[in-house]
Amino acid sequence: MDILRFATAGSVDDGKSTLIGRLLYDSKSIFEDQLEAVERTSADRGEEYTNLALLTDGLRAEREQGITIDVAYRYFATPRRKFIIADTPGHIQYTRNMVTGASTADLAIILVDARKGIVEQSRRHAFLTTLLKVPHLVVAVNKMDLVDYDQTVYEQIIDEFTAFASKLEVADLTFIPISALHGDNVVERSANMSWYEGSSLLHHLEHLHIASDRNLIDVRFPVQSVIRPHASTDPDLHDYRGYAGQVAGGVLKPGDEVVHLPSGLTTTITHIDGPGGPVGEAYAPMSVTLRLADDIDISRGDMIARPNNRPEVAQDIEAMVCWMTPDRALAPRMKLVIKHTTRTARAMVKDLNYRLDVNTLHRDEQATSLELNEIGRISLRVTQPLFVDDYGRNRLTGGFILIDEATNNTVGAGMIIGAK
C-alpha cells in the first residue's frame, strides 16, 4: 500500500477541520472513546451537532476560538491506501505553518465556502500550493447544504477559480461539491446533488495516481551517515562499510555505475540493504544503505548520483524564501546557516531581489527586508558547494531551510529556482 500525503487549506471557518473529522469518522478511523469525548465536548458547549473539528483542533486556543493555528497531522487508512493529513491554518499570520504542512504534500485540498465564493485567502493558498509545487489540487466547495445544493452556485465558483488558476502553474485541478457537516460527497456520493457526476472526495483520494509525480530519472542519494558495525564476531560485518540515506530521486540497482560528489570519483553499487534485508532496487522515498565496490572517502552531506546526470554544484543560489520568524527580518548581508538535504553550511544573503504579494502576485522590487510570513526572491552565497536541482524538478534537492546561528531556530524555508 502506498501513502498519499495531503494538506488542507482555505479561509477561516471554511470547514477544514470539520472535513478531516468527517473523513476520519465516516471511514471508521477513530476510536469510540475519541468520538465519545468529542460528543461530550460538543454537548457541553451547547452545539447542535457533534463538532468533528474537535478531532483535529488539539490546542486549547484552537478550540476556544474555533480556528486552526498549528499544523495538525492525522493518519488513517482504507483498504486501498494509507493517508497522512496536514490540517493547515487559514489565517495570513500563520502562512509559515501552511508552507510547512504543504511542502511534503502530494495533494492539496482548498476549501471554499459556497456562500462566500473565492476570497483572498483562497487565492493565497492556491498560489502557495503552486509555489510549493504540490502536484495535485482539489477545490472542495463546502457548505453546499447552506445554498440548497444549488448547481449554479457551484459552477460560478468553478468559473471564477479556473480563471484565477490560469495565471498559476496548476498541473491537475479537480472540483468537488461537498458538505463536511452532513457528509455529502465526502466518503459517499450524495443524493442531494444528483446533478454532480464526479466521484466522492475519498474515492478521488484513493484512486489518484501519484507514482509518476516522483522524479525517477535523476538519481540523487544524499548520504546521511556511514555505517561501520565493526562486529569482529561476524565475518560478514567485520569489513562492512555502508552509506545510509533516503533516496531523493531516480532508481538505484546493484551493478549501477555511480559518481560521488564532491570528489567526482566513479564506482559501482554492489549491494543495497533495506530495513528488512537486501533489496533489488531503491527509489524515492525509500531509506536504504548502499555498499560500493571501491573505498572512497564519503561522509555525511555528500551526494551519490549518475556520472552523466549530476546535480548542479553551486555556491551562488537564487531562491524563493518564506520568512518564518518574528524576531528579526531577513535583509541583505545577513548571515545564516543553510541546511540542504544532509549538508549544512554557512550562508550570506547577497541580495533581496523582490518581495512578493501573495494575494495580488505583485513584485515589490523596492523592498529592503522580509518580515514574518512574507515571501520573496533572494540571492544566497554559501561557504561550501551544495548539490542542487531546481525545486520544480526535485522538491528534496531543490528545497532548504535557513537557521539562525545564535538561537539555532529555523527562520526560513526556501525553494531553489537557479544556481551557479
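The values are calculated or read from the model by the stated rules, or taken from the named source; none is laboratory data. Note that the structure is predicted; figures quoted are calculated from it, not measured. Cβ: placed from backbone, ideal geometry, glycine included. Neighbour counts: every protein chain shown. Heads up: the accessible areas ignore ligands, DNA and RNA and are worked out on the full protein's heavy atoms, side chains in. Shrake-Rupley method; radii C 1.70, N 1.55, O 1.52, S 1.80 Å.
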Helix 16-26: inclination vs the chain longest Cα principal axis, degrees, rounded to 10, gives 90 degrees
In what sequence, highest mean first, do 340-346, 114-120 appear when ranked by Cβ atoms within 10 angstrom? 340-346, 114-120
Points 7 angstrom from Cα along the Cβ direction at residue 335 and residue 233: gap in nanometres? 5.0 nm
Once you order the gyration tensor axes a ≥ b ≥ c over the Cα atoms, which shape class does region 337-384 get: rounded for a/c under 1.5, otherwise prolate or oblate by comparing a/b with b/c? prolate
Kindly express, to the nearest 10 degrees and within the range 0 to 90, the angle between helix 32-44's C-alpha long axis and the longest C-alpha principal axis of the chain. 50 degrees
Quick query: amide H of residue 175 versus all other amide H atoms, modeled in the peptide plane; which residues come in under 5 Å with a sequence gap of 5 or more or a different chain? 139
Centroid-to-centroid separation of region 353-403 and region 204-282 [C-alpha atoms, Å]: 30 Å
Distance in nm between label sites at residue 266 and residue 393, each 7 Å beyond Cα in the beta-carbon direction? 1.9 nm
Which of the GluC sites (Glu not before Pro) found in region 198-296 are in a DSSP loop and have at most 14 neighbouring Cβ atoms, other than their own, within 10 Å? 281
The percentage of the accessible area of the chain (probe 1.4 Å, all protein chains present) made up of carbon and sulfur atoms, to the nearest whole number, is 47 percent
Of the listed pairs 339/420; 28/82; 335/420, which have alpha-carbon separations greater than 22 Å here? none
Enter the angle in degrees (range 0 to 90, nearest 10) between the Cα long axis of helix 151-165 and the first principal axis of the Cα atoms of the chain, meaning the one along which they spread out most. 30 degrees
Among all the aspartates and glutamates, which ones have a C-alpha under 20 Å from residue 116's C-alpha, if same-chain residues fewer than 8 places away are not counted? 13, 14, 145, 148, 150, 155, 159, 160, 184
Rounded to the nearest 10 Å², the accessible area of residue 354 using a 1.4 Å probe with every protein chain kept is 20 Å²
Over the chain, what is the mean sequence separation of C-alpha contacts under 8 Å (at least six apart), divided by residue count, expressed as relative contact order in percent? 12 percent
Can you give me the accessible area per residue for the chain, using a 1.4 Å probe, in Å²? 46 Å²
